[in-house]
Every structure is written in C-alpha cells, then in structure tokens.
Amino acid sequence: MASSNIALVTGAGSGIGRHVALALLKEGYAVVLAGRRRDALEQTAQQGDPAGERTLVLPTDVSDPASVKALFAATRDTYGRLDLLFNNAGVFAAPVSLEELPYEQWKAAVDINLSGVFLCTQEAFRLMKDQQPRGGRIINNGSISAHAPRPHSSAYTATKHAVTGLTKATSLDGRKYDIACGQIDIGNASTDMTARMGRGILQANGSIEPEPTMHVDHVSRAVLYMASLPLDANVQFMTVMATKMPFIGRG
C-alpha cells in the first residue's frame, strides 16, 4: 500500500484525535488510526475513508511498550515509512484535590499522557531516521494545562508540563535525523469531553462558571498548518484557544 504522505494519530477514535485524522484524510494523507477501542477507530475510518483505501485501524495501548512496537511495525510493513506522528492520546484523572488522588489514577495518567508520548516518539525516531527520504514530523498535543493548571488536575497538569519538556528534547535530539517536533496547546475546543464547560466548570476562586469554547475545526486546521511545513521549518509551540476562555489571567 503506497501513499505520498503517511500519518499516525493516537487517540484517533474520538475528540480531537478523530477530527485531526479526518482532516488529514481530506488533505490526502493515508492515516494509521491508533487507540484503545477498535469500534471507535472503525467509526473514524468509515467517516473519512469509507472504501478503506487510506486508513489502517490498529487498536493500541500507548502505555504498553509491546503494543507500541507492534503499532509501528505494522505501519512500517504496510506503508514503508511515516511522515507525521500526532501524539494525541491522553486521559484525565478524577477531579479531586491533590491529596485525595489515588495513586493508581496518577500512574495511569503518567503512563498514557507522558510515557505513551515517549514510547511512540521513540519508535517514530527508529522508523524516521532510517527511511528514505529521511526524517519526519512529530506533533505533540500539549494543553493549556501545560502552562497553567485547573483546580483538581495535579496528574493531568504534571504530565502536560512534562510533555513540554519532552517536546523540547525531541526537537533537539531529532535535528540530526531531520525529525522536526512541535507542540500544539489547545484550550476549550468543542468535543464530547468539553461539553460540561458550557454548563459550568470549577474556577480557581471556587466558583462554578461556564466557559467559552471554540469549534474543534480550528484545531484541525492548526495541525494541518504545522504538518504542511517543510522539514527545515517548524512551529515549535502553538496555542489555539477560545479567545475569551479564562487562561490569560487565570486564577
């Protein structure tokens, strides 16, 4: 199976991952759809590629090294290369104060939000540095929480801050292989996960307030722009957010 541009999207079964995968398909990419639930991935594939000519559905646990190795091996075997990795898979822990957060939920967030990004990046390096033409692009889904926390978000905030450090290290270590790495920090995009923001969400002062959101298509367009650049140019960090959300001046 051949295509001029090959992308891999983690967390492609819902939310931002699904929207970005669909946008990449519209742009002409072949897209490897990775995520935990086969049925959700197949729904994404059906929406963007009913004939199944440019999608590869691969149920994957990004926190499991063996599962990630299998994902990238199947990508290599099917397409022969990888041009774009969108590290998007992520989870929230329970919205409780730091001292009440169960260790198991902390660990799950670290395993998926941080270790999952590392494992996928590591396998992408191994593939991209040896392919011809050499190199590729990695885009990490950070968050507004990579800059400032919400109340009761210690695990999510800590992992997203760590993703920023990993993005920088990836960008530096990737130079010698022509691998570019950038990060998109997203604030209040309208998906199923953010529906509660319109009803009201806990603020730093303890009040419950609705928050403005933006259409998720703005995120997809931003990712497409980042992906469209030649490898000698890079968007290192981009913040795309609802203009009036309480981020600037949060707290």
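Consider Ile112 against the criteria (1) closer than 30 Å to Ala204 by Cβ; (2) touching a helix residue (DSSP H, G or I) at 6+ places or on another chain (Cβ under 6 Å): it satisfies all of them except one. Which criterion is unmet?
(2)
Identify, please: which residue in the range 207-229 is part of a loop (DSSP other than H, G, I, E, B) and either among the aliphatic types (A, V, I, L, M) or in contact (Cβ under 8 Å) with a residue 24 or more places away in the chain (or both) and is, among those, nearest to Lys26 (Cα to Cα)?
Val216
Output the number of residues of the range 191-209 satisfying the condition of being at pLDDT 85 or above and surrounded by fewer than 12 Cβ atoms within 10 Å (Cβ to Cβ).
5
Residue by residue through the range 210-239, note down the ones that are buried (at least 18 other Cβ atoms within 10 Å of the Cβ) and either closer than 19 Å to Ala21 by Cα or among the hydroxyl-bearing types (Ser, Thr, Tyr) (or both).
Across the range 210-239, the qualifying residues are Thr213, Met214, Val216, Val219, Ser220, Ala222, Val223, Met226, Ala227.
Answer yes or no: is there a residue in the range 172-194 that is farther than 26 Å from Lys107 by Cα, touching a strand residue (DSSP E or B) at 6+ places or on another chain (Cβ under 9 Å) and of a type in the set (S, T, N, Q).
Scanning the range 172-194 turns up at least one residue that is farther than 26 Å from Lys107 by Cα, touching a strand residue (DSSP E or B) at 6+ places or on another chain (Cβ under 9 Å) and of a type in the set (S, T, N, Q).
Are any of the residues in the range 32-42 basic (Lys, Arg) and crowded, with 21+ Cβ neighbours inside 10 Å? Steps first, please.
Keep residues of the range 32-42 that are basic (Lys, Arg), which gives 36-38.
If we keep only those that are crowded, with 21+ Cβ neighbours inside 10 Å as well, we get none.
No, there is no match, as no residue in the range 32-42 is basic (Lys, Arg) and crowded, with 21+ Cβ neighbours inside 10 Å.
Could you count how many residues in the range 235-251 are outside any loop (DSSP other than H, G, I, E, B) and either of a type in the set (Lys, Arg) or touching a Gly at 6+ places or on another chain (Cβ under 6 Å) (or both)?
Final tally of qualifying residues: 1.
State whether one or more residues within the range 155-168 are surrounded by fewer than 20 Cβ atoms within 10 Å (Cβ to Cβ), assigned to a helix (DSSP H, G or I) and touching a Leu at 6+ places or on another chain (Cβ under 6 Å).
yes
Sort through Asp232, Asp185, Asp173 and tell me the only one that's assigned to a loop (DSSP other than H, G, I, E, B) and either among the charged types (D, E, K, R) or under 14 Å from the mean Cα position of the chain (by Cα) (or both). First the steps, then the outcome.
Details: Asp185 fails: assigned to a loop (DSSP other than H, G, I, E, B); Asp173 fails: assigned to a loop (DSSP other than H, G, I, E, B).
Checking each option against the conditions leaves just Asp232.
Are any residues in the range 1-43 closer than 17 Å to Ala189 by Cβ and in a helix (DSSP H, G or I), and if so, which ones?
Result: Gly15, Ile16, Gly17, Arg18, His19, Val20, Ala21, Leu22, Ala23, Leu24.
For the structure I just gave you, tell me whether Thr10 is among the polar types (S, T, N, Q), surrounded by fewer than 17 Cβ atoms within 10 Å (Cβ to Cβ) and at pLDDT 95 or above.
The answer is no for Thr10.
Limited to the range 127-158, what total is found for residues that are within 28 Å of Ala74 (Cα to Cα), touching a helix residue (DSSP H, G or I) at 6+ places or on another chain (Cβ under 8 Å) and among the polar types (S, T, N, Q)?
First, the residues of the range 127-158 that are within 28 Å of Ala74 (Cα to Cα): 127-142.
Now drop any that are not touching a helix residue (DSSP H, G or I) at 6+ places or on another chain (Cβ under 8 Å), which leaves 127-129, 134-142.
Checking which are among the polar types (S, T, N, Q) leaves us with 140-141.
Total meeting the criteria: 2.
On the given criteria, is Gly174 within 24 Å of Leu58 (Cα to Cα), in contact (Cβ under 8 Å) with a residue 24 or more places away in the chain and small (Gly, Ala, Ser)? Steps first, please.
Values: within 24 Å of Leu58 (Cα to Cα): no; in contact (Cβ under 8 Å) with a residue 24 or more places away in the chain: yes; small (Gly, Ala, Ser): yes.
No; evaluated as a whole, the condition is false for this residue.
Of everything in the range 55-104, what is of a type in the set (Val, Ile, Thr) and within 11 Å of Leu127 (Cβ to Cβ)? Give them in sequence order. Give the derivation first.
Keep residues of the range 55-104 that are of a type in the set (Val, Ile, Thr), which gives 55, 57, 60, 62, 68, 75, 78, 91, 96.
Within the range 55-104, Thr75 is the sole residue that qualifies.
The values are calculated or read from the model by the stated rules, or taken from the named source; none is laboratory data. Worth saying up front: this structure is predicted, and the values here are computed from it rather than measured. Note that each Cβ is placed from the backbone with ideal geometry, even for glycine, and that neighbours are counted across all protein chains shown.
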